[in-house]
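Chemist: Dumping the structure here so I can ask a few things about it.
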Amino acid sequence: RMIYAGAIQHERNLVALCKAILQARRTGMNFVITQIGDGNAWKELVDLSIGSNGTIEVLPGVPHDQIAQILASAHIGVLPFPDEEKFRVSSPIKLFEYMAAGMPVLATPIACHQDVIRDGGYVFWTDGCDVNGLVAGLERAWGARDQFKRMGMEAVEEARDWTWAASARKLQEAFINGRRLYGIR
């Protein structure tokens, strides 16, 4: 079970991901996806879901305090975003949510994902954001589905490095080291 919770916009590449999931299912990979949110891709995703035999589910947005419970119902968080400037410089909040929820992640290899995940063992990188590239990532995920629990535990550990407190510590250390470097007391 895959999950996406957030803005359901065309630019987030969810339609291509759903087409990739449908293609993967035709080859025996038993993925399903729930997408929660609102946006301009809603109707197209609902139309795809109608003929999907339950493979694709599209639900309206929910209050933020319900996200943790919803994420707990899934096995993999998805981030199918294209390599565009607006995604290269954004803060991948969804990534942090998926990590903290103890899920491996299917992600496109864009800067904001790579900068956080680095060499983390809890990601299934796609070969790009088109249907074929997304299917390649799905194949890797399907082949490692017995590792999801271990990968999710690693994701939780990595998420600890991305809390506000951890960020503040890193900033403080950089400040202190900079003062030392320049001889400032």
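Chemist: Specify whether the C-alpha gyration tensor of the chain places it in the rounded, prolate or oblate class, a ≥ b ≥ c being the square roots of the eigenvalues: rounded for a/c under 1.5, otherwise prolate if a/b is larger than b/c and oblate if not.
Modeler: prolate
Chemist: Further question on the same structure: For region 77-174, just say rounded, prolate or oblate: build the C-alpha gyration tensor, square-root its eigenvalues into a ≥ b ≥ c, call rounded for a/c under 1.5, and beyond that prolate if a/b exceeds b/c, oblate if not.
Modeler: It is oblate, given that a/c is not under 1.5 and a/b is not larger than b/c.
Chemist: Let me ask another. With a ≥ b ≥ c the root eigenvalues of the C-alpha gyration tensor of region 85-133, is it rounded (a/c under 1.5), prolate (a/b larger than b/c) or oblate?
Modeler: Taking the square roots of the gyration eigenvalues as a ≥ b ≥ c, region 85-133 is oblate.
Chemist: If I require 24 Å or longer along the helix axis, counting alpha carbons, and a Kyte-Doolittle average no lower than -1.0, what helices from the chain are left? Use full DSSP H segments.
Modeler: Both cut-offs are met by 164-181.
Chemist: Round to the nearest 0.05 the FRET efficiency obtained for PHE175 and ARG150 when R0 = 41 Å and r is the Cβ-Cβ distance.
Modeler: For R0 = 41 Å, the calculated efficiency reads 0.65.
Chemist: Then there is this: So what is the 222 nm mean residue ellipticity for the chain from helices alone, if each DSSP H run of at least 4 adds -39500 (n - 2.57) and you divide by all residues, rounding to the nearest 500 deg cm²/dmol?
Modeler: Taking each H run of at least 4 residues, the total per residue is -14000 deg cm²/dmol.
Chemist: Using a Gaussian network model on the chain with a 10 Å cutoff between Cα atoms, which of GLY120, GLY102, GLY51 fluctuates the most?
Modeler: Looking only at GLY120, GLY102, GLY51, the biggest GNM fluctuation is shown by GLY51.
Chemist: Here's a follow-up. Once you list every other residue whose beta carbon is under 11 Å from the beta carbon of MET99, what net charge do they have if Lys and Arg are +1 and Asp and Glu are -1?
Modeler: With Lys, Arg at +1 and Asp, Glu at -1, the net is -3.
Chemist: Moving to a separate point now. For the chain, set up a Gaussian network in which alpha carbons nearer than 10 Å are linked by springs, and say which option among THR27, THR108, THR126 fluctuates the most.
Modeler: The residue with the greatest mean-square fluctuation here is THR27.
Chemist: Roughly how many Å² is the accessible area per residue of region 32-141, as a whole number, for a 1.4 Å probe?
Modeler: Value for region 32-141: 45 Å² per residue.
Chemist: Rounded to a whole number, what % of the accessible area of region 1-99 do carbon and sulfur atoms account for, probe 1.4 Å?
Modeler: 51
Chemist: Which sequence of ILE110, ILE176, ILE70, ILE50 reflects their accessible areas, 1.4 Å probe, from the largest down?
Modeler: ILE50, ILE176, ILE70, ILE110
The values are calculated or read from the model by the stated rules, or taken from the named source; none is laboratory data. All figures in this text were calculated on a predicted structure; none of them were measured in a lab. Quick reminder, even Gly has a Cβ in these numbers, built from the backbone with ideal geometry, and neighbours come from all protein chains shown. All accessible areas refer to the heavy atoms of the entire protein, side chains included, with ligands and DNA or RNA removed. Shrake-Rupley method; radii C 1.70, N 1.55, O 1.52, S 1.80 Å.
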